[in-house]
Amino acid sequence: MVEIIAIDGPASAGKSSLAKKISDHYNSPILHSGKLYRAVANEIIEKKIKIGDKKSILKFLNSLNLNKLNSNNLYSSEIDKISSVISSKKYLREKLSGFQRRFPKNFAKNRKFAIIEGRDIGTVIFPGAKYKIFIWADARIRAQRRFDQISKKGQKVGLERVYREIVDRDTKDLNRRIAPLRPAVNSLLLDTTYLDIEQTFNAVKKIINI
Ligand code: DC
């Protein structure tokens, strides 16, 4: 049986890097659930849809396909902002939860694990997940990591702006009424402020224990 590894935490805490490490080590697929929200934000920007236009957003949601989510253009400051705003919409979260819940069955056949990372995976999407990890790090450290990532791609951005955007997304993620960012019961809580990715992964391997 496929076991679920749920990884939650705020923006730039290292969820994707940790998920990739686990995925490489155990040869198991990952769903970056934020990409679903980002795909909707991308559509809103490209088609100039109004954020309140539920009908057009639902139409897009009905045509959404997990196989087509691998585009790199889902990562921009504008998409960061819009995806953060729309993620408080109940109908949207409900629609996207189906994609996430079907992921293990559709993409992890004959694998040991299905890894899903996001904000509400251990609390709402897979509360029965065998492994739940909640990672955190000081917002200043997360901003620095994000800044380094963006700079490496050759893009110009100010560290202070990145910091403000991270704090803004934290505020929205932590305070929305539906599925706010919270550690799930029985999660492994990891503060990665002073941990690098190897140390973080080693802590996770101890609980997975195979
Ligand atoms: O993880 P990310 O930065 O790619 O996520 C983009 C946005 O989507 C983020 O601002 C919050 C939202 N999100 C969410 O509300 N629930 C999830 N499970 C994943 C992402």
query: If we keep just the residues of the range 83-111 that are free of Cβ contacts under 8 Å to residues at least 40 places away in the same chain and small (Gly, Ala, Ser), which is farthest from the ligand (Cβ to nearest atom)?
result: 98
- request: With respect to residue 126, determine if the residue is of a type outside the set (S, T, N, Q) and farther than 16 Å from residue 44 by Cα.
  value: yes
field: The one condition in (1) out of contact with any strand residue (DSSP E or B) (no Cβ under 9 Å at 6 or more places or on another chain); (2) in a helix (DSSP H, G or I) that residue 100 fails to fulfil
entry: (1)
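Name the one entry in 141, 121, 133, 116 that is within 18 Å of residue 15 (Cβ to Cβ), out of contact with any strand residue (DSSP E or B) (no Cβ under 8 Å at 6 or more places or on another chain) and at pLDDT 95 or above. Give the derivation first.
On the way: 121 fails: out of contact with any strand residue (DSSP E or B) (no Cβ under 8 Å at 6 or more places or on another chain); 133 fails: out of contact with any strand residue (DSSP E or B) (no Cβ under 8 Å at 6 or more places or on another chain); 116 fails: out of contact with any strand residue (DSSP E or B) (no Cβ under 8 Å at 6 or more places or on another chain).
Of the residues listed, the single one that is within 18 Å of residue 15 (Cβ to Cβ), out of contact with any strand residue (DSSP E or B) (no Cβ under 8 Å at 6 or more places or on another chain) and at pLDDT 95 or above is 141.
Name the single residue that is nearest to the ligand (Cβ to nearest atom) among those in the range 59-82 being among the small types (Gly, Ala, Ser) and in a helix (DSSP H, G or I).
The extreme case among them is 77.
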Sole exception among (1) among the hydroxyl-bearing types (Ser, Thr, Tyr); (2) surrounded by fewer than 20 Cβ atoms within 10 Å (Cβ to Cβ); (3) under 14 Å from the mean Cα position of the chain (by Cα); (4) under 17 Å from residue 8 (Cα atoms) for residue 75, by number: (4)
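Residues in the range 11-28 that are more than 9 Å from the ligand (Cβ to nearest atom) and in contact (Cβ under 8 Å) with a residue 24 or more places away in the chain: how many?
Step one: filter the range 11-28 for residues more than 9 Å from the ligand (Cβ to nearest atom), giving 13-14, 17-28.
Now narrow it down to the ones that are in contact (Cβ under 8 Å) with a residue 24 or more places away in the chain: 13-14, 17-19, 21-23, 25-28.
Counting residues in the range 11-28 that are more than 9 Å from the ligand (Cβ to nearest atom) and in contact (Cβ under 8 Å) with a residue 24 or more places away in the chain gives 12.
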- prompt: Within the range 113-158, can you find the residues that are surrounded by 18 or more Cβ atoms within 10 Å (Cβ to Cβ) and of a type in the set (Asp, Glu)?
  reply: 117, 120
- request: Could you tell me whether residue 21 is loosely packed, with under 13 Cβ neighbours inside 10 Å, of a type outside the set (Phe, Trp, Tyr) and at pLDDT 95 or above?
  value: no
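When you check residue 166 against the structure, is it in a loop (DSSP other than H, G, I, E, B) and among the β-branched types (Val, Ile, Thr), yes or no? Quick ask: steps written out before the conclusion?
Working: in a loop (DSSP other than H, G, I, E, B): no; among the β-branched types (Val, Ile, Thr): yes.
No, not satisfied.
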- prompt: Has the range 174-194 got any residue that is among the hydroxyl-bearing types (Ser, Thr, Tyr), surrounded by fewer than 21 Cβ atoms within 10 Å (Cβ to Cβ) and more than 17 Å from residue 18 (Cα to Cα)?
  reply: no
query: When only residues in the range 103-136 that are polar (S, T, N, Q) and not in a loop (DSSP other than H, G, I, E, B) count, which is nearest to residue 62 (Cα to Cα)?
result: 106
task: Within the range 29-50, track down each residue that is touching a residue at least 40 places away in the same chain (Cβ under 8 Å) and in a helix (DSSP H, G or I).
output: 34, 36, 37, 38, 40, 41, 44
query: Hey, does the range 51-58 have a residue that's assigned to a helix (DSSP H, G or I) and either within 16 Å of the ligand (Cβ to nearest atom) or exposed (fewer than 10 other Cβ atoms within 10 Å of the Cβ) (or both)?
result: yes
task: Determine whether the range 173-186 contains at least one residue that is more than 20 Å from residue 87 (Cα to Cα) and out of contact with any helix residue (DSSP H, G or I) (no Cβ under 6 Å at 6 or more places or on another chain).
output: yes
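Is it the case that some residue within the range 159-169 is in contact with a Leu (Cβ under 6 Å, 6 or more places away or on another chain) and surrounded by fewer than 16 Cβ atoms within 10 Å (Cβ to Cβ)?
The initial filter retains those residues of the range 159-169 that are in contact with a Leu (Cβ under 6 Å, 6 or more places away or on another chain), namely none.
No, the range 159-169 contains no residue that is in contact with a Leu (Cβ under 6 Å, 6 or more places away or on another chain) and surrounded by fewer than 16 Cβ atoms within 10 Å (Cβ to Cβ).
The values are calculated or read from the model by the stated rules, or taken from the named source; none is laboratory data. For clarity, every value in this text was computed on a predicted model and none was experimentally measured. A quick note on method: Cβ atoms are made from the backbone with ideal geometry, for glycine too, and the neighbour counts reach across all protein chains shown.
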